[in-house]
Amino acid sequence: ILNVEQSPQSLHVQEGDSTNFTCSFPSSNFYALHWYRWETAKSPEALFVMTLNGDEKKKGRISATLNTKEGYSYLYIKGSQPEDSATYLCASPSQAGTALIFGKGTTLSVSS
Amino acid sequence: KAGVTQTPRYLIKTRGQQVTLSCSPISGHRSVSWYQQTPGQGLQFLFEYFSETQRNKGNFPGRFSGRQFSNSRSEMNVSTLELGDSALYLCASSLAHAMDEQFFGPGTRLTVL
């Protein structure tokens, strides 16, 4: 079992602000890094699955980067909108690769 | 295609009882994982099944068990319920592996009185 840490725990921004969160994970025996968005009353939904060091993925206004050597990933949201309000979870498979270990999440609230 | 389904969606039980939760994965997905979410905690991994075999188990007492059927549907059982078992239980399916994108069900909200 490994420790996946996320910061900050929560964040409140104004509509139009850009923001970013951090996910840190043990860099040894890296398999993959997942990002999920969990909106209230819905199921967690995958944003990105990243496997390569230096990987950068983008979906609309959301992007993510990965540094496997130092064990961190950043999630960026450009021009936050109220519909971006959600908890953002990152996860990494355990060393055995058969269990996905989640961080506690960053809860984003965007005010209009 | 149909998403992951979980039944029941809500459940109220009393201490000492047992409960069975069900999860039907997306067609073609062979891996099913179960997670528990309680206030202040992230998603805590319970166990993962693949081809009817438990491949990995999280740090939960033996009161938590599960199984997977030949059609990949999975059930989890909690015996001798305790107040602390009150939580949202999520299942997720993927093609074959924890490294694959996980597709989550809506969850079962269990309340233990």
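Derivation of every value follows stated rules applied to the coordinates shown; laboratory data play no part. The model shown is predicted, which means the values in this text are computed figures rather than measured ones. Here the Cβ is made from the backbone with ideal geometry for all residues, glycine too, and neighbour counts use every protein chain on show.
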Read phi for every residue in region B:63-76 and hand back ³J(HN,Hα) as whole Hz from Karplus 6.51 cos²θ - 1.76 cosθ + 1.60, θ = phi - 60°, with x for Gly and Pro. 5, 9, 9, x, 7, 9, 9, 5, 8, 6, 4, 10, 10, 10
If I model a spin label at residue A:81 and residue B:113 as a point 7 Å from the Cα along the Cα→Cβ vector, what separation in nanometres do I get? 4.3 nm
Which of B:35, A:30, B:21, positive extreme of dipole for the protein assembly as shown (C-beta unit charges): B:21
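I'd like the GluC sites (Glu not before Pro) in region B:1-89 restricted to DSSP loop residues with at most 14 other Cβ atoms within 10 Å, sorted by number.
Working: sites: B:48, B:52, B:75, B:82; in loops: B:52, B:82.
Answer by residue number: B:52, B:82.
How high is the FRET efficiency from residue B:53 to residue A:70, r the C-beta distance, R0 35 Å, rounded to 0.05?
Working: r = 36 Å, r/R0 = 1.02.
So, using R0 = 35 Å, E works out to roughly 0.45.
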In order through region A:19-28: 3J(HN,Hα) via Karplus (6.51 cos²θ - 1.76 cosθ + 1.60), integer Hz, x for Gly, Pro: 8, 8, 10, 10, 10, 10, 8, x, 7, 7
FRET efficiency (residue B:17, residue A:9; Cβ distance; R0 41 Å; to 0.05) is 0.75
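How big is the dipole moment of chain B about its Cα centre under a simple scheme where the beta carbon of each Lys and Arg is +1, that of each Asp and Glu is -1, and everything else is neutral? Debye, nearest 20, please.
220 debye
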Name the shape class, rounded, prolate or oblate, that the alpha-carbon gyration tensor gives for region A:36-112, where a ≥ b ≥ c are the square roots of its eigenvalues, rounded holds for a/c under 1.5, and otherwise prolate holds if a/b is larger than b/c and oblate otherwise. oblate
Each residue of region B:93-105 in order: what ³J(HN,Hα) in whole Hz does its phi give by Karplus 6.51 cos²θ - 1.76 cosθ + 1.60, θ = phi - 60°, with x for Gly and Pro? 10, 8, 4, 8, 8, 5, 7, 7, 4, 9, 10, 9, x
Cα centroid distance between region B:22-100 and region A:1-79, in Å? 24 Å
